[in-house]
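Any read-out appearing in this document is the output of simple, stated calculations on the displayed coordinates, not a laboratory observation. On a predicted model such as this, the values are computed, not experimentally measured, just so you know. Cβ placement follows ideal geometry from the backbone for every residue including glycine, while neighbour counts extend to all protein chains displayed.
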Amino acid sequence: MNIGISTASFYPLETELALETIGKAGVKTTEIFFNAESELKPSFVDILTDIKEEYGMNITAVHPTMSLAESFMIFSEYERRFYEALQKFARYSEVAAELGAKYIILHGGKPNGLTSDSEYCDRFMQLNRETRKNGITVLQENVVNYRSGDIEFLRSISEILGDDAQFCFDIKQAIRSGYNPTDLIDEFWDNIKHFHISDHSLASDCMLPLNGKFDFKSFFTTLKNRNYDGACIIEVYKNAYKDTKEIFDSNKKLIELI
């Protein structure tokens, strides 16, 4: 099990500078959240690769910049847009493979999407068939205000897809959706391949780990007992800290817990 930090935690710092900041701090595990289409250009990916290699980093996953448009691009009745999105994901899978990542994180469709759960799963698997050509798996993230923020939807696609329903589980998104993170982790454990971690309290639903009330010691014990060998990536918003040193302190303390 590896503990790391997402470049998204430093937004709106430019992607390459966020990656370099993480590397300079000695953090070896990270996830890259792309923030512009231009960042998919080979010359830009070369910059990211150079930073990764200079600091000996492991990039576990990538997060497309098109997250906010996925409902419109992928999960609507207009198929031409879907096939354009399919090519975008093909490119993301090439970039992910070049960076050594295993996963692409998907926010997916919103509740007002026009596709049924069955059609949603069909689109999800078409994405996966495309990305797996480069050895990359698309993971559905649980996200508030998206279909994946609803436990019944997660149950539905798990039933339809079986082992192919693979998830990135986000603690803060579970809290925002009104669920106990531990309950969701227990129910969907067999489908979870990657974690976005954060903390929370009555005052805030997104805090740096170990600043709130979430029991990370118990969480890591559960993961170890279940032989989880993936990554737990700190993903918070800028208002969760005052100084970036706090993020690195949180990361170090988490590593000491495992």
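DSSP assigns beta bridges within region 2-257; of those with both partners inside it, close to 5 percent run antiparallel. In a simple Cβ point-charge model (Lys, Arg +1; Asp, Glu -1; nothing else charged), the chain has a dipole of about 340 debye relative to its Cα centre. Taking packing as the residue-averaged number of other Cβ atoms within 10 angstrom, the listed peptides 129-140, 79-90 run from highest to lowest as 129-140, 79-90.
A crude spin-label estimate for the pair Asp50 and Ala36, with each label 7 Å from Cα along the Cβ direction, gives 1.7 nm.
Please label the shape of region 2-257 as rounded, prolate or oblate, based on the square roots a ≥ b ≥ c of the eigenvalues of the alpha-carbon gyration tensor (a/c under 1.5 means rounded; beyond that, a/b larger than b/c means prolate, else oblate). Taking the square roots of the gyration eigenvalues as a ≥ b ≥ c, region 2-257 is oblate. Summing charges over neighbours of His63, with a neighbour being any other residue whose Cβ is under 10 Å away from its Cβ, gives -3 when K and R count +1 and D and E count -1. Placing a label point 7 Å from the Cα of Asn134 along the Cα-to-Cβ direction, the residues of region 90-110 whose backbone N falls under 19 Å from that point are 90-108.
Per-residue ellipticity at 222 nm from helix content only, as computed over the chain with -39500 (n - 2.57) for each DSSP H run of at least four residues, stands at -13000 deg cm²/dmol. Once the chain from Ser43 to Ala97 is taken as fully extended at 0.36 nm per residue, the excess over their C-alpha distance is 17.9 nm. Once the dipole of the chain is set up with Lys and Arg at +1 and Asp and Glu at -1 on Cβ about the Cα centre, which of Leu40, Val95, Ile3 lies farthest towards its positive end? Value: Ile3. Go through Lys24/Lys88; Lys110/Lys253; Lys110/Lys217; Lys172/Lys224; Lys28/Lys172 and tell me which ones have a Cα-Cα distance over 28 Å in this structure. Too far apart for the 28 Å limit: Lys24/Lys88; Lys110/Lys253; Lys110/Lys217.
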